[in-house]
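Written out below as structure tokens is the structure these notes cover.
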Amino acid sequence: MVKVFTGIPIRHTKIPIFSNKDNLHLFLLYLWPNATHQNKIIPMDPNIFHALSYGLYIVSTRYGEKKNGYVANTVFQVTAEPAQVAISCNKKNLSSSLIAGSGYFSVSVLAQNASKEIIGRFGFKSGEKTNKFEETAFFETDHNIPVVTEDCVAWFLCKVIKTIDTGTHLLFIGEMLKGDIIDTDQPPLTYDYYRKARHGRSPKNAPTYLKAEPATKNEKPLTAISSAGKKWICTVCDHIYNPAEGDPEAGIAPGTPFEDLPDSWVCPVCGAEKADFIPYQE
């Protein structure tokens, strides 16, 4: 909800400095001045943020003996000469403290056909509990920074020159030191394609994370729908549970219907809960 200021139309005033979200709200009102009304609360559709364009990347770093990486969509070029880029990292992420400590990070541009396994590994699993590089193709630069090459079309290495605290996230601005093209045949994966074509969602610590709308009173829980013999798809990473195959690694035998899975079962790719699955329409 947006509190609109009273008095002169906002496009004729100087916009003061507020928190990030307030700044964005005011900017939108500046674009649509007819929406301003004295003391009126204007509801905002959170889906407007999906109109912003992003790519999808794996940001990696290393500090001491610990290396980690995460899937990011907030990576953008700041200047051309010198070449500088900025990344946003949640303060709660392990990578945030590692980047701050090492002063370096790499960015690998994911390909449009990147596997759900690598997106799940770097996007939804914690580096505190998982060695994300154990089953991933990568190399290390002369600064000992890991660079993921698997399912990627390009990479570059950056040295942090400035850090900005934005509240929940740190914005690291880095000067590009080196980089290279990996695959010229595949287009890069965009966040729009990831959402619409692959039905993917952002993890909770991502800048673009939007909380799912709660179910209405008339809606039945998805897990209550009969699913005998039917496939179910994870709404987080698009992994498909096939009853005919089960999930042997989790002790789920082939032939087990989705509704018979224990409530403690989680997505084998991203770790999402059973409630995050919906019936899959082939």
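Side notes on the structure shown:
- Residues of the range 98-120 classified as surrounded by 17 or more Cβ atoms within 10 Å (Cβ to Cβ), over 19 Å from GLU140 (Cα atoms) and free of Cβ contacts under 8 Å to residues at least 60 places away in the same chain, total: 0
- In the range 153-193, residue surrounded by the fewest Cβ atoms within 10 Å (Cβ to Cβ) [restricted to those that are charged (D, E, K, R) and over 25 Å from GLN112 (Cβ atoms)]: ASP165
Here's the yes/no breakdown for (1) modelled with pLDDT under 90; (2) surrounded by 15 or more Cβ atoms within 10 Å (Cβ to Cβ):
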| site | (1), (2) |
| --- | --- |
| ILE10 | yes, yes |
| ASN20 | yes, no |
| LEU26 | yes, yes |
| HIS37 | yes, no |
| PRO43 | yes, no |
| ASN47 | yes, no |
| SER60 | no, yes |
| ASN90 | no, yes |
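- Residues located in the range 232-261, provided they are open to solvent by less than 60 Å² (accessible area, probe 1.4 Å), in a loop (DSSP other than H, G, I, E, B) and touching a helix residue (DSSP H, G or I) at 6+ places or on another chain (Cβ under 9 Å): THR235, VAL236, CYS237, ASP238, HIS239, PRO243, LEU261
- Taking the range 262-277 as the range and being of a type in the set (D, E, K, R), at pLDDT below 90 and touching a helix residue (DSSP H, G or I) at 6+ places or on another chain (Cβ under 7 Å) as the test, no residue passes.
The values are calculated or read from the model by the stated rules, or taken from the named source; none is laboratory data. Computed from a predicted model, the values in this text were never measured in an experiment. In this analysis, Cβ positions are derived from the backbone assuming ideal geometry, glycine residues included, and neighbour counts consider all displayed protein chains. Surface areas here come from the heavy atoms of the whole protein model, side chains and all, with no ligands, DNA or RNA. Shrake-Rupley method; radii C 1.70, N 1.55, O 1.52, S 1.80 Å.
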